[in-house]
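Remarks on the structure that follows.
The values are calculated or read from the model by the stated rules, or taken from the named source; none is laboratory data. Since we're looking at a predicted model, the values are computed, not measured. Note that we place each Cβ from the backbone using ideal geometry, even for glycine, and neighbour counts take in every protein chain shown. Note: areas computed on protein heavy atoms with side chains; ligands, DNA, RNA excluded. Shrake-Rupley method; radii C 1.70, N 1.55, O 1.52, S 1.80 Å.
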Amino acid sequence: IAGWLDLPPIHRMEAFDISNISGFENVGSMVVYEKGKPKRSDYRKFKIKGVQGPDDYACMEEVLKRRFTHGIQEQQKDELGGFAKFPDLILMDGGKGQVNVAQRVLDELHLNIPVCGMVKDDKHRTRGLYFENKEIPIDRNSEGFRLITRIQDEAHRFAIEYHRSLRTKEQVHSILDDIEGIGPARRKGLMKHFKSI
């Protein structure tokens with residue numbers, strides 16, 4: 001990948017993705033690959049707080065701001081948390097628009113990290129990389145292409161998995177939860193006695 005982008009050797013890559021259904025429960029994912037392998041202990045999930053409705057760009061901006069602001073704070077305090085280590089390359093799920101969002105956040109925070117978009121074709125397969133305002137075609141038979149596809153799929157899977165878990169929790173929320181004075185124990189007792197809402 002470094003060769004295609006004319007960058008020094010890349011040790012750590014972070015890829016970001018957004019998941020929602022018509023703007024319901026917007027979430028973001030961050031997956032980390034070091035030396036070409038997933039580093040799951042550094043994966044992070046983000047529940048979007050400041051965006052209502054389906055706006056992937058605004059959601060991505062929030063995710064990146066939170067990720068890198070947190071990282072700067074950890075570095076200043078000399079903490080070794082999951083955000084303190086910065087990537088050699090940021091991979092965005094998308095092209096020019098997503099890359100521009102990331103670049104804006106990095107500029108605001110005075111960070112200099114290369115950002116690359118993973119551009120998809122009409123069949124939702126990676127067709128190239130968007131880097132420094134141009135699309136770079138990539139050899140679909142190369143190991144680098146397979147790695148990019150794996151990273152893109154993993155970021156997508158991780159975001160969807162988190163979104164699914166939140167959706168399930170929301171569906172479990174019942175009308176009884178909104179009645180004052182009914183806690184978990186009483187709700188359980190009522191459901192056991194009456195069998196249905």
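Could you please give the count of residues in the stretch 157-184 that are at pLDDT below 80 and assigned to a helix (DSSP H, G or I)?
Step one: list which residues in the stretch 157-184 are at pLDDT below 80, which gives 159-184.
Checking the rest, the ones that are also assigned to a helix (DSSP H, G or I) come to 159-172, 175-178, 184.
Adding up the residues that qualify gives 19.
Listed by first and then second residue, the pairs with beta-carbon distance under 6 Å, at least 6 apart or on different chains, first residue in the stretch 66-90 and within 21 Å of residue 152 (Cβ to Cβ), second open to solvent by less than 20 Å² (accessible area, probe 1.4 Å) and among the acidic types (Asp, Glu), are 87/14; 90/14. Within the stretch 39-63, residues that are of a type in the set (Gly, Ala, Ser) have Cβ atoms under 8 Å from residues that are at pLDDT below 90 and open to solvent by less than 80 Å² (accessible area, probe 1.4 Å) in these pairs: 41/82; 53/23; 58/50; 58/51, counting only partners at least 6 apart in sequence or on another chain.
Just to verify a result, which residue in the stretch 27-50, among those that are among the hydroxyl-bearing types (Ser, Thr, Tyr) and open to solvent by less than 60 Å² (accessible area, probe 1.4 Å), is nearest to residue 2 (Cα to Cα)?
Of the stretch 27-50, the ones among the hydroxyl-bearing types (Ser, Thr, Tyr) are 29, 33, 41, 43.
Filter once more, so that each one left must be open to solvent by less than 60 Å² (accessible area, probe 1.4 Å): 29, 33, 43.
On the way: 29: 23, 33: 14, 43: 22 Å.
Here the residue is 33.
The residue that is farthest from the chain's Cα centre (by Cα), among those in the stretch 82-95 that are open to solvent by less than 30 Å² (accessible area, probe 1.4 Å) and over 23 Å from residue 129 (Cα atoms), is 84.
When you go through (1) over 17 Å from residue 161 (Cβ atoms); (2) open to solvent by 40 Å² or more (accessible area, probe 1.4 Å); (3) not hydrophobic (A, V, I, L, M, F, W, C) one by one for residue 14, which number turns out not to apply? Every listed condition holds for residue 14 apart from (2).
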